[in-house]
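Right, one structure below, let's go through it.
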Amino acid sequence: MKQLPETKLNSLAADIKHWGRELGFQEVGISGIDLGPHEQYLNDWLATGYHGELDYMAVHGTKRSRPAELVPGTLTVISARMDYLPGDTETIRILDDPSQAYISRYALGRDYHKVIRKRLAKLATKITEAVGEFGYRAFVDSAPILEKAIAEQAGIGWIGKNTLVLNRKAGSWFFLGELFTDLPLPTDSPTEKNHCGRCTACLDICPTDAFAGPYQLDARRCISYLTIELKGSIPVELRSKMGNRVFGCDDCQLVCPWNRFAKPTQETDFLPRHKLDSSSLVELFLWTEEEFLNRTAGSPIRRSGYQGWLRNLAVGLGNAPTSTAVIDALKSRLAGASELVREHIEWALEQHLSSKTQC
Ligand code: SF4
């Protein structure tokens with residue numbers, strides 16, 4: 001641990017927030033390492049099995065909820081948030097048009113991990129220049145960390161009923177990053193007030209009823225989980241509820257009244273690439289694997305893999321209005337499809353057959 005006088009630590013904490021803003025973060029807070037009731041909350045959530053195949057949530061034990069067990073010597077955590085919502089992407093129009101592909105707004109641009117990790121590294125360099133070498137590690141959604149609990153402890157916002165961090169001035173469309181440090185910095189007051197009140201809009205709108213209750217997300221039903229994390233077959237009973245959401249889902253954010261205060265991102269890296277904000281399901285489904293790899297290089301969409309991408313788009317096409325283009329696209333991919341993709345294509349084709357029969 002670095003020994004610094006209290007006055008120096010106080011001014012350093014103020015400087016860190018200032019430098020953070022200069023580096024493009026909208027807000028920076030400092031948390032201690034006691035995450036209070038969040039450890040119990042995590043354990044209860046795991047015990048119910050709501051994490052599904054997210055085994056990584058369970059395997060790290062208390063390292064996830066106790067920062068000093070993950071990085072020995074950690075005394076404080078700098079938590080930083082960065083807005084990512086691209087302005088003017090006609091979000092609702094795309095979501096309401098069942099022939100268009102809806103991709104979660106966070107995934108339209110470049111992968112946030114690299115962007116934020118670089119900024120955190122620059123912040124660490126600034127601190128080193130000010131006080132000399134110190135112990136730190138930067139994380140961006142990349143290690144067993146309760147980043148939302150840390151953000152709440154750092155005063156960035158409260159965890160809403162939709163389980164996302166909400167900020168009164170910025171809503172919830174932001175990424176979080178953390179710098180674990182061995183500096184005994186003064187910590188910010190935790191966000192104590194929860195401003196969800198009696199609102200239940202996010203719980204009510206969820207297309208797949210993924211909320212077992214306020215603050216209780218059953219990941220196994222969440223479209224983000226189904227389209228990104230799940231490697232196998234999407235449960236048949238959930239497919240028609242997914243609509244045209246082919247990579248993630250934003251419904252619980254779109255409906256949140258606090259997102260009236262969200263600001264468009266200043267980061268060009270987060271702006272849509274390859275028309276991902278305005279492509280039809282058919283167009284994306286017809287991407288070859290090479291096109292997929294080229295167009296998703298440096299994008300969070302890579303996470304689903306090509307087979308997962310086709311699987312998700314097949315579900316979207318099964319929910320699209322029946323047309324020759326849709327049916328031809330589905331049929332064109334049957335030959336050579338993996339077992340996983342074939343099964344989803346067959347399901348999609350059945351939807352169109354049954355809708356024709358009903359007419
Ligand atoms: S939609 Fe309502 S209940 Fe849900 S997070 Fe926003 S304010 Fe809270």
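The values are calculated or read from the model by the stated rules, or taken from the named source; none is laboratory data. Fair warning: this is a prediction, and the values are worked out from it, not measured in the lab. Virtual Cβ from ideal backbone geometry, glycine too; neighbours counted across all protein chains shown. These accessible areas exclude ligands, DNA and RNA; they are computed on the full protein's heavy atoms, side chains included. Shrake-Rupley method; radii C 1.70, N 1.55, O 1.52, S 1.80 Å.
Taken over segment 168-193, the criterion of being under 21 Å from the mean Cα position of the chain (by Cα) and over 30 Å from residue 72 (Cβ atoms) is satisfied by 168, 169, 170, 171, 172, 173. Residue 155 meets the conditions (1) under 18 Å from the mean Cα position of the chain (by Cα); (2) buried (at least 18 other Cβ atoms within 10 Å of the Cβ) in every case but one. The failed one is (1). Condition first: assigned to a helix (DSSP H, G or I) and within 18 Å of residue 227 (Cβ to Cβ). Now tell me which residues in segment 331-341 satisfy that. Scanning segment 331-341 gives 340, 341. If you check 155, 177 for being in the same structural domain as residue 64 (by TED's automatic domain parsing), modelled with pLDDT of 95 or more, in a loop (DSSP other than H, G, I, E, B) and in contact with a strand residue (DSSP E or B) (Cβ under 9 Å, 6 or more places away or on another chain), only one passes: 155. Residues considered: 89, 76. Of these, the only one that is surrounded by 15 or more Cβ atoms within 10 Å (Cβ to Cβ), in contact with a Gly (Cβ under 8 Å, 6 or more places away or on another chain) and over 29 Å from residue 233 (Cβ atoms) is 76.
For residue 181, the criteria (1) under 24 Å from residue 119 (Cα atoms); (2) within 14 Å of the ligand (Cβ to nearest atom); (3) among the polar types (S, T, N, Q) hold in every case but one, which is (2).
Please verify whether segment 158-170 includes one or more residues that are small (Gly, Ala, Ser) and more than 16 Å from the ligand (Cβ to nearest atom).
Checked against the condition, which is being small (Gly, Ala, Ser) and more than 16 Å from the ligand (Cβ to nearest atom), segment 158-170 yields no hits at all.
Screening residue 147 on (1) in the same structural domain as residue 51 (by TED's automatic domain parsing); (2) more than 16 Å from the chain's Cα centre (by Cα); (3) open to solvent by 30 Å² or more (accessible area, probe 1.4 Å) shows it passes everything except condition (2). In segment 102-119, is there at least one residue being of a type in the set (A, V, I, L, M) and within 24 Å of residue 185 (Cβ to Cβ)? Yes; the residues of segment 102-119 include at least one that is of a type in the set (A, V, I, L, M) and within 24 Å of residue 185 (Cβ to Cβ).
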